[in-house]
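Novice: There's a structure below that I have some questions on.
The values are calculated or read from the model by the stated rules, or taken from the named source; none is laboratory data. The structure displayed is predicted, hence computed values, not measured ones. Please note: Cβ atoms are built from the backbone with ideal geometry, for glycine as well, and neighbour counts cover all protein chains shown.
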Amino acid sequence: MPSLPRSDPPPVRLTLDPAFRPCEPEEEDELYPNGIFEFNITRLLAYIGAAERFCVEAVALESIPHAGSGAGLDGRAVAAADLTRPVILAEIAPGRYNLIDGHHRVAKARGEGVPRIPAYRVRCPEHVAFLTSTRAYEAYVEYWNSKADEASTHRPRRRRTRGGGAGNMRRPP
């Protein structure tokens with residue numbers, strides 16, 4: 001018997017946690033600012049290292065658009081980048097990942113024509129704990145939920161087909 005098409009569950013909505021505590025940076029912590037959303041990369045890397053569920057995967061550079069380019073990258077840092085060290089991709093909208101750590105590595109890989117790079121994918125809500133301010137956290141929850149709602153309303157619906165199904169077989173005349 002053929003199986004029915006699988007329907008992915010709708011994206012999870014986030015709920016504001018009144019007990020949220022920002023991941024305040026210490027002096028030497030590496031941060032990734034993205035507008036109001038600033039992530040503590042040092043602590044996120046420690047979390048990834050301690051949690052045994054994160055697997056390194058080879059990600060095609062073409063799936064990381066716009067990363068690794070721009071005048072803000074230090075050429076010496078690009079040249080010294082270690083391509084064996086995984087980059088971090090964070091799910092910033094349902095099913096959409098952005099590079100939050102590894103811009104120099106991606107730039108080096110692009111420059112050397114390397115098609116894939118090792119990466120960790122950190123799904124939402126796991127990376128939310130590494131936001132560095134309450135304001136960023138509250139804005140992120142609102143942003144994520146708007147994207148989750150958008151994704152839920154634009155999900156393709158399964159269509160019923162006429163004919164071909166066992167319940168629609170015609171008897172010969």
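Novice: Quick one: in region 109-131, of everything that is more than 18 Å from the chain's Cα centre (by Cα) and touching a residue at least 40 places away in the same chain (Cβ under 8 Å), which residue is surrounded by the most Cβ atoms within 10 Å (Cβ to Cβ)?
Specialist: By that ranking, first place goes to Ala109.
Novice: OK, next. Scan region 138-152 and give yes if some residue there is outside any helix (DSSP H, G or I), of a type in the set (S, T, N, Q) and modelled with pLDDT under 95, otherwise no.
Specialist: Checking region 138-152: not a single residue is outside any helix (DSSP H, G or I), of a type in the set (S, T, N, Q) and modelled with pLDDT under 95.
Novice: Of the numbered conditions (1) part of a loop (DSSP other than H, G, I, E, B); (2) within 15 Å of the chain's Cα centre (by Cα); (3) hydrophobic (A, V, I, L, M, F, W, C), Ala90 satisfies every one except a single condition; which is it?
Specialist: (1)
Novice: Could you look through region 1-58, keep only residues that are under 16 Å from the mean Cα position of the chain (by Cα) and charged (D, E, K, R), and pick out the one that is modelled with the lowest pLDDT?
Specialist: Arg53
Novice: Next question, about the same structure. Which condition from (1) in contact with a helix residue (DSSP H, G or I) (Cβ under 7 Å, 6 or more places away or on another chain); (2) more than 19 Å from Asp29 (Cα to Cα); (3) surrounded by fewer than 17 Cβ atoms within 10 Å (Cβ to Cβ) is the one that Ala67 breaks?
Specialist: (3)
Novice: Yes or no: region 62-79 includes at least one residue that is modelled with pLDDT of 95 or more, closer than 23 Å to Arg43 by Cα and part of a loop (DSSP other than H, G, I, E, B).
Specialist: There is no residue in region 62-79 that is modelled with pLDDT of 95 or more, closer than 23 Å to Arg43 by Cα and part of a loop (DSSP other than H, G, I, E, B).
Novice: Got a number for residues in region 34-50 being surrounded by 11 or more Cβ atoms within 10 Å (Cβ to Cβ) and outside any helix (DSSP H, G or I)?
Specialist: Selection size over region 34-50: 6.
Novice: Of all residues in region 93-108 being surrounded by fewer than 18 Cβ atoms within 10 Å (Cβ to Cβ) and out of contact with any Lys or Arg (no Cβ under 7 Å at 6 or more places or on another chain), which is farthest from Leu14 (Cα to Cα)?
Specialist: Top of the filtered list is Asn98.
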